[in-house]
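All remarks here apply to the structure that follows.
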């Protein structure tokens with residue numbers, strides 16, 4: 001393969017602590033979400049070549065899957081990585097260039113932390129550099145959502161893409177799906193450091209596979225209407241979490257996390273899976289300030305824990321989880337003040 005004439009790199013953080021999740025969807029119609037952007041990141045790399053110098057105009061390399069292939073009519077029929085293919089088709093490059101796309105995520109697939117959204121945000125941002133225009137972070141997020149929701153018909157809200165594009169701590173207000181405004185919380189450095197120190201992300205060892213449960217919840221919520229009590233309970237936790245962080249009150253923020261998880265549990269008995277319940281019981285026994293079932297819930301996925309003030313408690317809890325759930329994984333995270341970065 002010839003040397004590329006230019007290389008574009010991009011990365012985007014994933015999302016945790018999505019208080020108010022489920023209310024950023026088409027069936028909720030309006031809602032509020034408080035979420036936090038964290039590393040590890042999703043990454044995209046585009047190597048650009050003159051179209052006349054290579055055999056295939058587009059080559060996709062999905063590094064996490066060890067998969068590399070040219071994007072042709074034949075491979076499109078296989079639908080090996082439809083998210084990547086749909087994004088590339090939606091943002092056509094100039095005719096005179098060819099490119100090789102590599103995508104990679106440091107987070108496990110199916111961790112319920114918006115990994116697919118982060119991958120799409122990183123990819124859309126990188127593809128945007130092949131065109132004369134320049135999208136804003138908000139436009140990148142909305143394009144990524146359009147690809148997943150409109151082009152592929154997947155059930156997804158807007159909060160994951162916005163968190164990845166903006167970074168930081170976000171209060172998202174959706175007045176009508178999918179239109180939203182994003183207000184970023186600027187916390188004192190001391191509060192930010194303490195929040196980061198006390199957060200633990202526990203991957204439960206398997207990708208969440210809860211589409212049947214989610215479809216049941218969606219049908220019920222769609223029938224109940226946007227003003228139903230179950231959705232309103234979730235909306236309230238977003239403002240509760242925002243106000244707690246703005247006041248620097250991490251104990252109150254932990255309570256908002258717990259209230260949100262309880263509200264998720266009221267959506268369906270299977271939303272909080274058996275392993276998530278075990279992690280929550282262990283966290284409660286060790287005096288954690290809060291816990292949040294990430295994303296929509298269901299079996300697998302992950303739980304974010306806000307530990308108590310004691311550093312020893314955090315270490316004990318991590319050891320206990322590793323012992324009691326040996327198939328789980330503690331994912332090292334760090335707050336990401338930046339959203340998508342392209343260089």
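We did not get these values from a lab; they are worked out from the coordinates using the rules stated. Note that the coordinates shown come from a computational prediction; the quantities given were computed from them, not determined experimentally. Cβ sites come from the backbone with ideal geometry, for glycine too, and all protein chains shown count toward neighbours.
Observations on the model:
- On the beta carbon distance between residue 9 and residue 155, with R0 = 45 Å, the FRET formula returns roughly 0.90.
- Helix 189-198 axis, angle to the chain major axis (alpha carbon atoms, nearest 10°): 80
- Selected from 19, 163, 228 as most flexible by GNM, with the chain as the system and alpha-carbon contacts under 10 Å: 228
- For residue 57 and residue 215, a Förster radius of 35 Å and the Cβ-Cβ distance give a FRET efficiency of 0.40, rounded to the nearest 0.05.
- Just checking the listed ones, 92, 82, 132: in the Gaussian network model of the chain with Cα springs under 10 Å, the one fluctuating most is 132.
- Helix-only [θ]222 nm of the chain, DSSP H runs n ≥ 4, -39500 (n - 2.57) each, per residue, nearest 500: -11500 deg cm²/dmol
- Using alpha-carbon coordinates, inclination of helix 229-246 to the longest axis of the chain, degrees: 90
- For the residues 261, 115, 320, a GNM of the chain with alpha-carbon springs under 10 Å puts the largest fluctuation on 320.
- Only one of [x] 132; [y] 122; [z] 172 was calculated from the structure for volume of the Cα convex hull per residue in Å³, and its label is [x].
- Tilt relative to the chain, helix 211-224 - C-alpha long axis, 0 to 90 degrees, to 10: 70
- Separation of alpha-carbon centers, region 277-291 and region 17-86, rounded to whole Å: 34
- Legend: ranking of residues 116, 336 from fewest to most surrounding C-beta atoms inside 10 Å; resulting order 116, 336.
- Fewest-first sequence of 313, 174 by Cβ atoms within 10 Å of each Cβ: 313, 174
- Cα centroid separation, region 222-236 to region 123-195 (Å): 23
- Ordered by the number of other Cβ atoms lying within 10 Å of each residue's own Cβ, fewest first, 251, 190 fall into the sequence 190, 251.
- Gyration tensor (alpha-carbon) shape descriptor, region 243-343, a/c threshold 1.5: rounded
- Taking every DSSP bridge with both residues inside the chain, close to 90 percent are antiparallel.
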